[in-house]
1. For residue 208, only one of the following conditions fails: (1) buried (at least 16 other Cβ atoms within 10 Å of the Cβ); (2) at pLDDT 90 or above. What is its number?
2. Of the numbered conditions (1) modelled with pLDDT under 85; (2) touching a Lys or Arg at 6+ places or on another chain (Cβ under 8 Å); (3) closer than 23 Å to residue 141 by Cβ, residue 104 fails exactly one; give the number of that condition.
3. With the requirement that a residue be without any contact (Cβ under 8 Å) to a residue 24 or more places away in the chain and surrounded by 14 or more Cβ atoms within 10 Å (Cβ to Cβ), what does the stretch 93-150 give you?
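The values are calculated or read from the model by the stated rules, or taken from the named source; none is laboratory data. None of the values given here were measured: they were computed from a predicted structure. Backbone-built Cβ (ideal geometry, glycine too); neighbour counts: all protein chains shown.
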Amino acid sequence: MIRISGYIISLLLLTGIPVQAQTDTETEPFAEQPVTGNEAFSREKDTTYYPGIRIGVNLVRPLMVFADPARFGIEGVLDINMGPDYFAVAESGFSRRNLDEPDYHLKETGFFLRLGADRNYYSNFNDVVGVGARLGLSLYNRSAPFISVEPGYWDGYTGALSSETFLRQWAEVVFVLKTEIFTNIFMGWNLRGKLLLFDQEDEHLNERFIPGFGAGETNSKLGFDFYLYYRIPVRE
């Protein structure tokens, strides 16, 4: 009897060890695997922004010559990432317009500068969906080398207007879209609402074109621009 009991106890001990080991294995909490370097970088990239400087060109201005051969312009843009949601923006360019009408010839050339900031409301820091504000300044020259007035109530007149320099200022509210199409290459669209400030009337000509603002027959305008950017990354 004692020998049988010894066998039973020995059998229980032998079978109990693997069962206990299996139970311990099954009930042991799952140990989180360490995050590798590449995975950690990927997670960090999704939750942090990449400061940098974007330089770009407005593609609409040089293409306008096909719609209006009298006009030509170029524009460059610079934006600097000031934080996850804010960008300082500078836009500058050159514009020229030559009108050859039967009763007058008009030449206008000038430069413009817009300074402001954009606010990003999109959660992906690499792209921008937001709004901004700008203050614009244009310094340009206008001359009319030929003017002809047909005889009517008064005698006819043929002459010219000497060159004059004008300064215009305006304010803008801008809706901004920017998206990364390739690494550090972006496309961007701007929809602008413009309001002319401190208007300076031309006592000789009603026809006027303000570089950076557009046709100046009214004090408010809507504008659209399409940009291509390259981002110079500060860090990766």
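1. It is condition (2) that residue 208 fails.
2. Residue 104 satisfies all of (1) modelled with pLDDT under 85; (2) touching a Lys or Arg at 6+ places or on another chain (Cβ under 8 Å); (3) closer than 23 Å to residue 141 by Cβ except (2).
3. 122
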